[in-house]
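None of the figures in this text is laboratory data; all of them are computed from the coordinates on show. Predicted, not measured: the structure shown is a model, and the values here were computed from it. Quick reminder, even Gly has a Cβ in these numbers, built from the backbone with ideal geometry, and neighbours come from all protein chains shown.
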Amino acid sequence: MAQIAHDLKTPLTVIRGNADLLMEKDCDEESRESLEAIVRNSEKIAMSVLDILEK
C-alpha cells in the first residue's frame, strides 16, 4: 500500500510544483485561477491518498 501511495503522490507533487512555479510568473487572472485550482485539487487528491492509506 505504501508503494501505491508513493506512486500516486509523486506525480501529484510534480504537478503541484510546476503549478507553483507558473504562479510565480506574471500571468493573467484566468491563468492564475486555473493554477490555483490545480494546486488546490492536487492537495485534495494527495490527502485522499493518505486517507485511503490509513484505512
Practice problem: Divide by every residue of the chain the summed helix terms, -39500 (n - 2.57) for each DSSP H run of at least 4, and state the resulting mean residue ellipticity at 222 nm, rounded to the nearest 500 deg cm²/dmol. | Solution: -31500 deg cm²/dmol
Quiz item: Efficiency by 1/(1 + (r/R0)^6): what FRET value for ASN41 and GLN3, r their Cβ-Cβ distance, R0 = 25 Å, to the nearest 0.05?
Solution: 0.60
Practice problem: Treating only the Cβ atoms of Lys and Arg (+1) and Asp and Glu (-1) as charged, compute the dipole magnitude of region 2-54 about its Cα centre; round to the nearest 20 debye. | Solution: 260 debye
Quiz item: Helix 2-24 sits at what angle to the longest principal axis of the chain, using alpha carbons and giving 0 to 90 degrees rounded to 10?
Solution: 10 degrees
Quiz item: Tilt of helix 29-54 relative to the longest C-alpha principal axis of the chain, in degrees (0 to 90, nearest 10)?
Solution: 10 degrees
Exercise. Set the Förster distance to 35 Å, then compute FRET efficiency between LEU50 and GLU24 from the Cβ-Cβ distance, nearest 0.05.
Key: 0.85
Quiz item: Just the Cα atoms of the chain: what Rg and Dmax do they give in Å?
Solution: 13.1, 42
Quiz item: Among the lysines, which fall within straight-line cross-link reach of LYS55, defined as a Cα-Cα distance under 21 Å, with same-chain neighbours fewer than 8 residues apart omitted?
Solution: LYS9, LYS44
Quiz item: Can you give the relative contact order of region 2-54 as a percent, counting alpha carbon pairs under 8 Å and 6+ residues apart?
Solution: 53 percent
